[in-house]
Amino acid sequence: MHYDLIIRNGRCVTPWGEQDATIGVRDGRIVTLSTTAQDEAEREIDAKGLHVLPGMIDSHVHLREPGNAEIETLETGTRAAALGGVTTVFDMPNTNPSIVSAEMLEWKYGRIGETAHIDVGFYVGATRENTPELATLERAPGVCAIKVFAGSSTGNLMIEDDAGIEAVMRSGNRRVCFHSEDEYRLQDRKGQFHEGQPYETHAVWRDVECAFLGTRRIVGIARKTGRPAHILHVSTAEELDYLAENRDVVSAEVLVNHLTQYGPDCYEKLGGLAVMNPPLRDRSHYDAAWRAVRDGRVDVVSSDHAPHPLEAKKRAWPNCPAGLTGVQTIVPLMLDHVNAGRLSLQRLADVMSAGPARIYNLPNKGRLAVGFDADFTLVDMGARRTITNDWIATPAGWTPFDGTEVHGWPIATIVRGQIVMQDDAIVTPLSGRPVRFAG
C-alpha cells in the first residue's frame with residue numbers, strides 16, 4: 001500500500017491507551033494505525049524512541065493581527081506555535097481593529113490562508129452593538145466561539161453587566177467563552193492602590209472574590225438561558241470547586257502558567273513579566289489547579305499567549321500591561337510536568353487535544369484515530385533542554401520561562417500530514433488553514 005506519510009516505530013498515545021503503532025496518512029487524514037514493512041510513502045519518519053501525540057491544540061492565544069507587527073503577527077505566532085509542537089491555535093478577537101464583524105471575519109479567514117504555518121480558528125468578540133448578529137457571526141467559517149470580556153483586560157471589548165451578558169447568551173447556541181473577572185469589583189477597589197506598589201499587588205487587586213464573583217454570575221446566566229459557557233483561565237480553588245457542581249452548563253480552562261508559577265515567588269523573580277489577568281496566585285491555588293487536572297474537572301489547558309514589548313512589561317505596576325508569551329513554551333512545560341509525575345501523557349492529550357476538540361465542536365481533530373486529521377506532535381520524553389529568550393520566535397523576544405530547564409521536548413509538528421517542524425526547524429512553511437468547526 002502507498003501512503004503520503006508513514007510514521008514508523010512510535011509509541012502512540014491513542015484514546016484507548018499507549019500502543020506501538022505505525023501510522024499511515026493519505027490526503028491529510030489518518031487511514032491506518034497498522035502499516036506493514038512492505039508499505040511505502042512519499043515521506044517516512046522513524047519515530048523510534050519518540051511518543052506520538054495527537055496534535056496539540058492551544059485554544060487561547062492572542063496573535064495581535066491586525067495590530068502591531070513588532071509584537072506579533074499570524075505568521076510569527078504560528079511559527080512560534082509550530083516550533084513548540086502546537087498544531088492548531090484559536091486566536092482571540094481583541095486586535096486593532098477588533099474581530100467583531102462579518103467583514104473582519106472574512107479578512108481574518110483569508111489572512112490565515114496566506115500567512116499561517118499551522119491551522120487556526122478564531123473567536124468573534126461580543127459587543128453591545130453586534131449582539132443581535134452573534135447567532136450569525138458564530139457560524140462564519142473558521143469561528144471557534146464567541147468571546148466575552150466581562151472584566152477589563154487588554155483591548156476595548158467589554159460587556160460587564162448581567163443584562164448585556166444575558167443578551168449575548170440568547171443570541172445563538174454555541175458555547176460562549178468568558179473572561180469572567182467582575183468589573184464592578186475591579187473598579188470599586190481600584191482607588192485603594194497606587195502606582196509603584198509591588199507587582200504582587202496585582203493579585204491583591206484582582207483578588208479571589210473578583211474571579212469567583214464573575215464566574216458565579218456567568219454560571220447563573222448560563223443556567224437561566226440554557227446556553228453553555230466556558231470559563232477561560234480559571235485561577236482559583238473556589239471557582240474550580242463551584243464549576244464542578246455545575247458541569248451541565250459550564251466547562252473550564254486552566255492556563256499552563258497557573259500550573260507552573262505561583263506568588264509571591266514569581267513576582268519577586270520576574271517583576272512585570274509575571275503580571276497577567278487573572279493573576280498568578282499563591283501556592284494553594286496552584287495546588288488546587290493540579291488537583292482539578294488530576295480528577296477531571298479541567299477540560300482544557302491553554303497558554304493565553306499575549307505578547308507585549310519587553311520595555312512595557314518592565315514599567316512600574318500597574319502601568320505594565322498584563323499578558324505573557326506562551327504558545328511556544330506550553331508543550332515543553334507540560335511535558336516536564338508529565339515527567340515530574342503531575343499528569344500522564346494520556347491526560348495531557350486529553351486537556352490539549354481531545355478536550356479543546358470536544359468543547360469547541362471540532363469534529364476532525366483531537367484524537368489519534370483512523371479518519372481524523374493527520375495532526376501529530378512527536379515528542380522525546382527523555383530530552384533535556386533549557387528554554388531561552390533567543391529560541392522565542394515571537395518578535396517581542398522574551399518568555400517568563402527564560403532559563404527554565406525542562407525534561408521532554410517536541411521533535412516534530414505535523415499538520416494534516418505536512419511536516420511543518422522537525423528538529424527545531426520549520427521545514428514546510430505556510431501549511432496552515434482555517435479550522436473547520438461543526439454546530
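For Met158, the conditions (1) of a type in the set (A, V, I, L, M); (2) assigned to a loop (DSSP other than H, G, I, E, B); (3) closer than 23 Å to Val327 by Cβ are fulfilled apart from (3). Looking across segment 72-105, the residues that are of a type in the set (A, V, I, L, M) and either crowded, with 24+ Cβ neighbours inside 10 Å or touching a helix residue (DSSP H, G or I) at 6+ places or on another chain (Cβ under 7 Å) (or both) come down to Leu74, Ala80, Ala81, Ala82, Val86, Val89, Met92, Ile99, Ala102, Leu105.
Of all residues in segment 231-250, those that are touching a residue at least 12 places away in the same chain (Cβ under 8 Å) and open to solvent by less than 10 Å² (accessible area, probe 1.4 Å) have Cβ atoms under 7 Å from Cβ atoms of residues that are in a loop (DSSP other than H, G, I, E, B) and polar (S, T, N, Q), 6 or more apart or on another chain, in Ile231/Ser180.
Screening Ala312 with (1) surrounded by 19 or more Cβ atoms within 10 Å (Cβ to Cβ); (2) closer than 30 Å to Ala69 by Cβ; (3) among the hydrophobic types (A, V, I, L, M, F, W, C); (4) touching a Pro at 6+ places or on another chain (Cβ under 8 Å) gives one miss only, at (1). When segment 49-63 is limited to residues that are in a loop (DSSP other than H, G, I, E, B) and farther than 22 Å from Gly382 by Cα, the one that is nearest to the chain's Cα centre (by Cα) turns out to be His62.
For Asp182, the requirement of being in contact with a Gly (Cβ under 7 Å, 6 or more places away or on another chain) and either of a type in the set (Val, Ile, Thr) or more than 19 Å from Tyr123 (Cα to Cα) (or both) is met. Looking at Arg291, is it open to solvent by 10 Å² or more (accessible area, probe 1.4 Å), touching a Leu at 6+ places or on another chain (Cβ under 9 Å), closer than 30 Å to Pro54 by Cα and assigned to a loop (DSSP other than H, G, I, E, B)? Here the answer is no, as Arg291 does not meet what is asked. Can you find, within segment 353-366, the residue that is most open to solvent (accessible area, probe 1.4 Å) among those that are among the small types (Gly, Ala, Ser) and in a helix (DSSP H, G or I)? Taking the candidates together, the pick is Ala354. Every condition in (1) open to solvent by less than 10 Å² (accessible area, probe 1.4 Å); (2) closer than 30 Å to Trp317 by Cβ; (3) free of Cβ contacts under 8 Å to residues at least 40 places away in the same chain is met by Phe178 except one, and the failing one is (3). If only one of Asp380, Asp350 is within 16 Å of Ser302 (Cβ to Cβ) and either open to solvent by 40 Å² or more (accessible area, probe 1.4 Å) or without any contact (Cβ under 8 Å) to a residue 24 or more places away in the chain (or both), which one is it? Matching residue, one of Asp380, Asp350: Asp350. Quick one: in segment 114-139, of everything that is in contact with a strand residue (DSSP E or B) (Cβ under 7 Å, 6 or more places away or on another chain) and in a loop (DSSP other than H, G, I, E, B), which residue is nearest to Gly214 (Cα to Cα)? So the residue we want is Ala126.
The values are calculated or read from the model by the stated rules, or taken from the named source; none is laboratory data. If you're wondering where the values come from, they're calculated on a predicted model, not measured in any experiment. Methodologically, a virtual Cβ is constructed for each residue, glycine included, from the backbone with ideal geometry; neighbour enumeration extends over all protein chains shown. Note: areas computed on protein heavy atoms with side chains; ligands, DNA, RNA excluded. Shrake-Rupley method; radii C 1.70, N 1.55, O 1.52, S 1.80 Å.
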